[in-house]
Each structure stands twice: as C-alpha cells, then as structure tokens.
1. Restricting to the stretch 151-167, and then to whatever is more than 15 Å from residue 240 (Cβ to Cβ) and among the charged types (D, E, K, R), can you tell me which residue is surrounded by the fewest Cβ atoms within 10 Å (Cβ to Cβ)?
2. Going through 221, 305 one at a time, which residue ends up being without any contact (Cβ under 8 Å) to a residue 24 or more places away in the chain, under 30 Å from residue 149 (Cα atoms) and outside any loop (DSSP other than H, G, I, E, B)?
3. Return yes when residue 113 is touching a residue at least 40 places away in the same chain (Cβ under 8 Å), open to solvent by less than 90 Å² (accessible area, probe 1.4 Å) and of a type in the set (A, V, I, L, M) and no when it is not.
4. Only one of these conditions is not met by residue 253: (1) closer than 12 Å to residue 67 by Cα; (2) open to solvent by less than 10 Å² (accessible area, probe 1.4 Å). Which number is it?
5. Would you mind finding the one in 170, 214 that is surrounded by fewer than 17 Cβ atoms within 10 Å (Cβ to Cβ) and at pLDDT below 95?
6. For the stretch 123-150, which residues satisfy the criterion of being in contact with a Leu (Cβ under 7 Å, 6 or more places away or on another chain), surrounded by 18 or more Cβ atoms within 10 Å (Cβ to Cβ) and in contact (Cβ under 8 Å) with a residue 24 or more places away in the chain?
7. For residue 192, are the conditions met, namely being farther than 30 Å from residue 312 by Cα, aromatic (Phe, Trp, Tyr) and in a helix (DSSP H, G or I)?
Amino acid sequence: MVEAGAQQGSESSLTQGIARLRKWDGIGILIALLILTALLSVAAPAFLSQYNLSVVARQASFVGLIALGQTLVLLIGGIDLSVGAAAALSAIFGSLLLTQTGIDPYLVLPITMAFGLMLGAVNGFFVARLGLNPFIVTLASWEIFAGLTLVITKGYPIRPLGDAFRFFGAGSILGVPVPVVIFLGCGAILTYVLNRTRFGRNIYAIGGNREAAALVGIRVWRVELIVFGLAGMFAALAGILYASRMDSGQPSVGEGWLMGAITAAIIGGTSLRGGQGTIPGTILGALLMAVLANGIVLLNVSGYWERVIIGLVVLIAVLVDLVRRR
C-alpha cells in the first residue's frame, strides 16, 4: 500500500511538472533550440566540439547580458536603443581606468558597472521624470555615447589590458567560461527578483497597466529609473567583459548587439507591449541566436546572410507575440 501510494505520488508530480512545462511561454524556444542544435550537429560535426561550444557560450553571454537589461526595459513597456553604444563607451572607460591608473583589475568590473548604471540612469531620468519617449531619448543617447567613444579613442583601440585582467573574459571556472558563469549568475538573480520581490512585481504591474500601477501606490518613475539604470549596468558589464576577452578596449564593441539583444528577448517570450516575459526565456533566446550565428559560420554561409536571417527571426517573433496577445 505504501509503495503504491508513493508511486502514485511520483506519477502525479511528474504529470504536474509536464503540465507546467507545457504552459511555460519558453517551451517553444527550447524546442527550437534543441532542433537547431541537433540539425547542426549532423550538418557540421565540428559544432559539438568543446572549443566550438565554448565559443558559442561566450558569444551568447555577451549579447545575453545586454538582453537581460533589455528584457527589464521591455517589461515596463519601454525600449533602450543605446545599450550597444553604452557597452562601447563603458568598455573604453574601463580600459582607460585600467591602463592609465594602474588600478587593481578586480576593481575595474564593479567601477565600470557603476559607470554603466549612471549612463542608464541618465536615460531613465529623461524618460521617467521628464516623460519623454524612450525611443527618442535612447536613440539620441545612442548617438551621444557612440560619438563620445570615438572622440575619446579617435577610433583606435586601447591595449594591452594585461594578463591578470584577461581572466574575466578568457578564463574558466571548473571548465565553464567566466563570462558564461557571470551571465547565468545574473540571470538567476534577476529571475529571483522578478518572481519573488516587490520590485519585480512592480515591473510587471507597470508594464501591464502604467496608470493602474500608479493608482495603487507604485512609484512608477522610481521603478523606471532603476530599470534603465540596470540596462546600462548590464551593457557596461558586457562591454568590459568583451574588452577583457580581446585584451583591448575596442571602439567598435557593441556593434550589432542591440538587434541581437532585442531579438533574444522577444523570441524568448518578452512582449513589446510590456508586462509579459521571463529571464529564462531571454537566456534561451540568447543561446538560440548564438547557435544560429555559429551555424552560419560552420556551414560556410556568407556572413551577409546573418543579418537577413536575424531580421526574419525578429519579424516571426513579433508576429508570434501579436498572435499570443490576441
């Protein structure tokens, strides 16, 4: 009797788990990722090599960090077009800090993240306190940040950054690349924040209905300010990690990251209208984009087609979002 009851209990738990998995918004992207991985492993045997998987994971982590911040902004019904330029400016700031002051390499990451937080907070101030359109504000700041990057560097990279600092971008922890560890760690923290804290619930509430959120006492402007600040912080973290990987602060850091980040968030289930989306979905979206880009290289497809394919993926994701909303 006891064994039968235990067996029924385990079957019930398994059934409930399968039911929750089927209802999860990210199940579609997970299936797509598994299918794409299986196809590439057959078409290009080198895809499953340890080195190639490491490359894919690192690339996913850089764009994925940007996507984490973009997800938060999309959840409140906004958008941040400046994240790629913010990543570049932050990478240059951190590189100059390291090469010109001789600061401890372990302090460069948190200081650069604070710098990115400030850049994002500037966007948040104009959007949250002055009520300006986030598209216009971040489009303008994109140009400002990109221009400042070129003014400071005159188009030349800042190198070298030193072997000690390279650990953050090129090193590994128990065989896992450090950027991947940081990316997944940030994803885990944000998942907890969105699901288990008042701040996370406020983000969803604002994205669902901004006016109703204000009526129930949520300080909308404060949440928006923090969210844009966090988007800048994650952009800065991605930029300085990439600089560490390349052992140089490149003015071109972040080019193409904006589209990849938005795509990862959207195909991961984040709605452009706000109020709907998950961090695990965004992580899977970033992995899918990295696998797709890597597959194009391995199959010797012209790199020009990558932008075409990504654009098509974005259109499909937006259509799926529209159908889901209706």
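1. So, considering only residues that are more than 15 Å from residue 240 (Cβ to Cβ) and among the charged types (D, E, K, R), the one surrounded by the fewest Cβ atoms within 10 Å (Cβ to Cβ) is 154.
2. 305
3. Here the answer is yes, as residue 113 does meet what is asked.
4. The single condition residue 253 does not satisfy is (1).
5. Exactly one residue qualifies, and that residue is 214.
6. Within the stretch 123-150, 124, 128, 138, 142, 145, 149 meet the criteria.
7. On the way: farther than 30 Å from residue 312 by Cα: yes; aromatic (Phe, Trp, Tyr): yes; in a helix (DSSP H, G or I): yes.
Answer is yes for this residue.
Let's see how each residue does on (1) open to solvent by 40 Å² or more (accessible area, probe 1.4 Å); (2) under 20 Å from the mean Cα position of the chain (by Cα):
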| residue | (1), (2) |
| --- | --- |
| 35 | yes, no |
| 43 | yes, no |
| 55 | yes, yes |
| 64 | no, yes |
| 69 | no, yes |
| 82 | no, yes |
| 91 | no, yes |
| 97 | no, no |
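The values are calculated or read from the model by the stated rules, or taken from the named source; none is laboratory data. This structure is a prediction, so every number in the text was calculated from the model and none was measured. Glycine also receives a Cβ, built like all others from the backbone with ideal geometry; neighbour counts cover every protein chain displayed. What goes into the accessible areas is simple: the full protein's heavy atoms, side chains included, and nothing from ligands, DNA or RNA. Shrake-Rupley method; radii C 1.70, N 1.55, O 1.52, S 1.80 Å.
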